[in-house]
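See below for the structure under consideration.
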Amino acid sequence: MVNGELVLTQDGPIATLVISNPAKRNAMTAAMWRALPSLLEAPAKDPSVRALILAGAGGTFCAGADITEAASLARAGDASLAVRAEQALAAFPKPTIARIDGFCVGGGCQLAVACDLRFAASDSRFGITPAKLGIVYPPSTTRRLASLIGPARAKLLLYTADLFDAAAAERMGLVDAVFPPADLASSVLQVASTIASRSQLTQRATKAVLSGSEPPPQDEAELSEGIAAFLSRRPPAFPWS
């Protein structure tokens with residue numbers, strides 16, 4: 001596998017999209033950026049998929065865009081490929097979790113920030129590095145980062161282009177929880193499984209409101225099932241809708 005690939009699998013209600021370009025620490029090539037939106041279409045429409053995990057192969061998340069392609073992409077006007085991939089991930093209608101180990105840098109951070117939740121291994125490293133290359137980050141990407149961690153911390157990441165460890169990333173709100181490396185995959189799977197057992201209607205409404213959209217209307221079937229399960233002290237069996 002010379003040029004990298006994205007691998008989509010499903011285990012029960014949880015889909016996993018793996019970034020795989022191990023020769024370059026899972027850097028995203030133009031072909032990979034281009035492929036990501038279309039790969040998300042099937043799990044977005046599949047009612048059996050209730051959560052999506054984004055991960056990297058071989059012990060690292062993503063080292064960003066393939067730097068050997070960066071200049072040519074900019075000259076060709078294709079720098080928006082990464083933005084379209086990021087936006088497709090942010091617009092995915094079901095909960096998304098970035099499972100981060102190793103390096104999460106540049107475009108890798110861009111993808112992680114586009115997810116709903118981010119969980120990291122304690123030995124992972126984070127950075128947003130356009131200031132080392134003289135690259136202007138896309139406005140929508142910068143705003144999404146600032147919305148997550150605040151303007152001052154976004155400036156710190158973008159101004160310095162320094163790498164931060166997982167503990168610092170957690171303190172600044174870039175990641176939601178940090179786990180020992182050996183526990184990361186199982187911990188993320190546990191959270192994803194919990195999410196998959198909850199009401200998709202509530203999750204869609206939450207996503208809509210926090211993105212500035214109108215939430216879907218209350219569904220009486222989901223409400224009735226939730227109340228009945230609570231009163232019966234049993235797990236709810238929400239419709240797969």
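Derivation of every value follows stated rules applied to the coordinates shown; laboratory data play no part. A quick note: this is a predicted structure, and the numbers were derived from the prediction, not measured. Using ideal geometry, Cβ is built from the backbone for each residue, glycine included, and neighbour counts are taken over all protein chains shown.
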With bins of 5 Å, the percent of all Cα-Cα pairs of the range 111-232 per bin from 0 is 2, 9, 15, 17, 15, 14, 12, 8, 5, 2, 1, 0, 0
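Taking 0.36 nm per residue of sequence separation and subtracting the Cα-Cα distance, how much length would be gained by fully extending the chain between residue 214 and residue 11, in nm to one decimal?
70.0 nm
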Could you give the length gained on full extension between residue 177 and residue 23, defined as 0.36 nm per residue of separation minus the Cα-Cα distance, in nm?
52.6 nm
For the chain, what is the charge dipole size about the Cα centre, in debye to the nearest 20, if Lys and Arg each add +1 at the Cβ and Asp and Glu each add -1 at the Cβ?
400
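Using the Kirkwood radius over Cα pairs, work out the Stokes-Einstein diffusion coefficient for the chain at 4 °C and 1.567 mPa s, in µm²/s as a whole number.
Estimated diffusion coefficient is 70 µm²/s.
What percent does the relative contact order of the range 86-128 come to when contacts are Cα pairs within less than 8 Å and at least six residues apart?
RCO, the range 86-128: 48 percent.
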Working from Cα positions, state the angle (0 to 90°, nearest 10) between the long axis of helix 151-160 and the longest principal axis of the chain.
30
If each of residue 165 and residue 206 carries a label point 7 Å out from its Cα toward its Cβ, how far apart are those two points in nm?
3.1
Using a 10 Å cut-off around each Cβ, can you sort 115, 62 from fewest to most neighbouring Cβ atoms?
115, 62
Expressed in nanometres to one decimal, the distance between label points 7 Å along Cα→Cβ at residue 193 and residue 233 is 2.3
Quick check: the angle from helix 200-210's long axis to the longest principal axis of the chain, C-alpha only, nearest 10 degrees?
50
What percent does the relative contact order of the chain come to when contacts are Cα pairs within less than 8 Å and at least six residues apart?
16
